[in-house]
Each structure stands twice: as structure tokens, then as C-alpha cells.
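One structure below.
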Amino acid sequence: MEINIPIWRKILLTPDEATELFGLPAQFFRVAGALTKNGQYDLPCCWIGSHLKINRPKLEKWLEDKSDGVTDFKTSYLLGKLENGINKRGRKRKIR
């Protein structure tokens, strides 16, 4: 028996569910979550194993605090990290 809980009632969301609910790109949540794990950002999230979970009630408060018109999301910082890759897996390619 599968129980379907509406997204707006869940406490912990995946990045894709947070995208549906809040309209921010899933990649934003993934990059911000990885930076938060390293102590470089302040997204309200936790990791369950290797899975990123975002705390919905705290995210609503966090977005409310960030949307005061003064606070910056540090999007240029996040985009720079996204372009460079945060945790690239494996060995670098050999240049020939």
C-alpha cells in the first residue's frame, strides 16, 4: 500500500520536489546543499546517506528572510561553483 503525501505537507523534500514547490532550479538546491555540507552556504538541509533532503518549513522561513530586498542569494558564487564543478568524480582526463 503506497501512501501519497502532498508535497506542501512533507517536512523533508528532495531537490526536485523543492523545485516544484518553490520554483527555484533543482541544480540550485543541489549546489547550495553541497556547499552547505562543506560549511560554505546556509541552506536549511540535511543529508540522509548520499541523498539531499531540504527542510520545507525552515526553507520557507529562510526564503522569507532572504527576500527582504537586501540579502543576496550569492547566486554568482553558486554559478561559479556550478561551472567549476563541486565534487567532480574520478580522475582528470589526460590531455594529449
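The values are calculated or read from the model by the stated rules, or taken from the named source; none is laboratory data. Please read all numbers here as calculations on a predicted model, not as lab measurements. Methodologically, a virtual Cβ is constructed for each residue, glycine included, from the backbone with ideal geometry; neighbour enumeration extends over all protein chains shown.
The table for this structure:
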quantity	calculated
Residue satisfying all of: in segment 7-60; small (Gly, Ala, Ser) and buried (at least 19 other Cβ atoms within 10 Å of the Cβ); nearest to Leu78 (Cα to Cα) among these	Ala32
Filter result (of a type in the set (Lys, Arg) and outside any helix (DSSP H, G or I)) within segment 7-18	Lys10
Test result for Leu52, in contact with a strand residue (DSSP E or B) (Cβ under 7 Å, 6 or more places away or on another chain), in contact (Cβ under 8 Å) with a residue 12 or more places away in the chain and farther than 26 Å from Gly80 by Cα	no
Per-region count, segment 32-45, residues part of a strand (DSSP E or B) and either touching a residue at least 40 places away in the same chain (Cβ under 8 Å) or more than 16 Å from Leu63 (Cα to Cα) (or both)	0
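Let's see how each residue does on (1) modelled with pLDDT of 85 or more; (2) at negative phi; (3) assigned to a helix (DSSP H, G or I):
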position: Asn4; (1), (2), (3): yes, yes, no
position: Glu20; (1), (2), (3): yes, yes, yes
position: Leu24; (1), (2), (3): yes, yes, no
position: Arg30; (1), (2), (3): yes, yes, yes
position: Trp47; (1), (2), (3): yes, yes, no
position: Val70; (1), (2), (3): no, yes, no
position: Lys92; (1), (2), (3): no, yes, no
